[in-house]
Amino acid sequence: MADDLATTCWTCEPLQAYVDLSQEFVDRLSDALQTPMLIMFASFAGLWIVVSGVKLALRMTDLNKIAEEFIYVSITGVLLGSLGVSLIAWNYSTSLDIMGGASSSVFSLATTSKSTGYTGLVALAANGEQAVYKVFQAAGAIVSAGSLYRFVLYVYAVLLVVPYFLLVVVYSSQVVVAIFRVTMVGVFGPFLFMAFAFGWGRDMAKSGAKTLLAAVVVLFASTAALSITIFGVSKGITFDPKDMTGDTLNQFASVSNPKFLVILFLGWMGTALMTEGTAIANSIAQTALTNTAAGILSAGVAGSAMAGAKHGLPMAGNALAGISRGFFAGQKAMADPAGAVQNLVNKFQNINKPGS
């Protein structure tokens, strides 16, 4: 069925391919870093033993502090030795599961969408498209009712579609960036975990954990912003857009209708609040994440759409101009039938003359 977003999700297939490629990259990275990671840890552990012995001889430390550090080193050594190959992949998959589960929980509060056939973060993107599909249906019904005499309906449809199109694009961009952030934390995971064994690297390990937490909070906040928008849409469009005709359509598609204005406002508000989620995450986790990557992705998609519109609108404009000329010519002919017939006869008589 055309309404089944499990088969019509625009962003799901590219996003699923990106997830699969990231997973393959993480798996290969785990195999490649196994031996170097253990060698580096053994080197640092040997250096720690020497430095600790010198500091103990110089009475710069005591046995209690050395015993405390030894516990960290021992635990890290056991975990790296037993989970070395799977450590990166485990961090990656677990982080995605936590991120997707937390976001899905807040999204389920705003909508009762049916299953999309996808799982994890891809399911979030699919649910996002499914949630705004009702708005696109309403816009399609408005366009179907439009005509040359009711050209304003086309304007209403465009005003309704644009913010929700950008909303889907921005949210999908946030999902992609979230996957990338988890991938990068997974890449640095073995080094950060190893650094946690030593006093000099413990702060770096804590910063890595905070960055991962911030990535989860950013997507959670973006999903919450989308959920607020969709909750408002479900309350504003209380009818089936497929049945939106006649008085129902006329009452809805109007700038004097508060529900139409609220839905329009919520579309733009959702996009703005998604960017605010990054600032909230930075404030909570004390990190420095930005919206640069998501902004570039969103701008690229929007730019492609504008480029298509730039080439498509002139043709539509020419067609509309032709229809308008035909319409007004028909009106003129109806006003003066004799003159229209005489003008047509003159054109046929002069058709083969130069300059005709």
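The values are calculated or read from the model by the stated rules, or taken from the named source; none is laboratory data. Keep in mind that this is a model prediction, so the values were computed, not measured. In this analysis, Cβ positions are derived from the backbone assuming ideal geometry, glycine residues included, and neighbour counts consider all displayed protein chains.
The figures follow:
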{"item": "Residue match in the range 145-154 (condition: surrounded by fewer than 22 Cβ atoms within 10 Å (Cβ to Cβ), within 27 Å of PHE25 (Cα to Cα) and aliphatic (A, V, I, L, M))", "result": "no"}
{"item": "Every residue from the range 94-103 that is in contact (Cβ under 8 Å) with a residue 24 or more places away in the chain and of a type outside the set (A, V, I, L, M, F, W, C)", "result": "SER95, GLY100, SER103"}
{"item": "Identity of the residue in the range 66-82, free of Cβ contacts under 8 Å to residues at least 40 places away in the same chain and hydroxyl-bearing (Ser, Thr, Tyr), that ends up nearest to VAL54 (Cα to Cα)", "result": "SER74"}
{"item": "Some residue of the range 184-195 being under 17 Å from the mean Cα position of the chain (by Cα), part of a helix (DSSP H, G or I) and closer than 26 Å to MET274 by Cα", "result": "no"}
{"item": "Total residues in the range 54-98, condition among the small types (Gly, Ala, Ser), at pLDDT 80 or above and surrounded by fewer than 12 Cβ atoms within 10 Å (Cβ to Cβ)", "result": "2"}
{"item": "Residue among GLN137, GLN174 that alone is of a type outside the set (Ser, Thr, Tyr), assigned to a helix (DSSP H, G or I) and in contact with a Lys or Arg (Cβ under 7 Å, 6 or more places away or on another chain)", "result": "GLN137"}
{"item": "Residue satisfying condition, being modelled with pLDDT of 70 or more and either outside any helix (DSSP H, G or I) or surrounded by fewer than 16 Cβ atoms within 10 Å (Cβ to Cβ) (or both), within set ILE323, ILE296, ILE280", "result": "ILE296"}
{"item": "Residue among ASP20, ASP31, ASP27 that is closer than 18 Å to GLN174 by Cα, of a type outside the set (A, V, I, L, M, F, W, C) and assigned to a helix (DSSP H, G or I)", "result": "ASP20"}
{"item": "Breaking point among (1) in contact (Cβ under 8 Å) with a residue 24 or more places away in the chain; (2) surrounded by fewer than 12 Cβ atoms within 10 Å (Cβ to Cβ), for LEU29", "result": "(2)"}
{"item": "Of the criteria (1) buried (at least 20 other Cβ atoms within 10 Å of the Cβ); (2) at pLDDT below 80, which one LYS242 fails", "result": "(1)"}
{"item": "Selection within the range 133-151 - farther than 22 Å from LEU166 by Cα and touching a residue at least 40 places away in the same chain (Cβ under 8 Å)", "result": "ALA145, LEU148"}
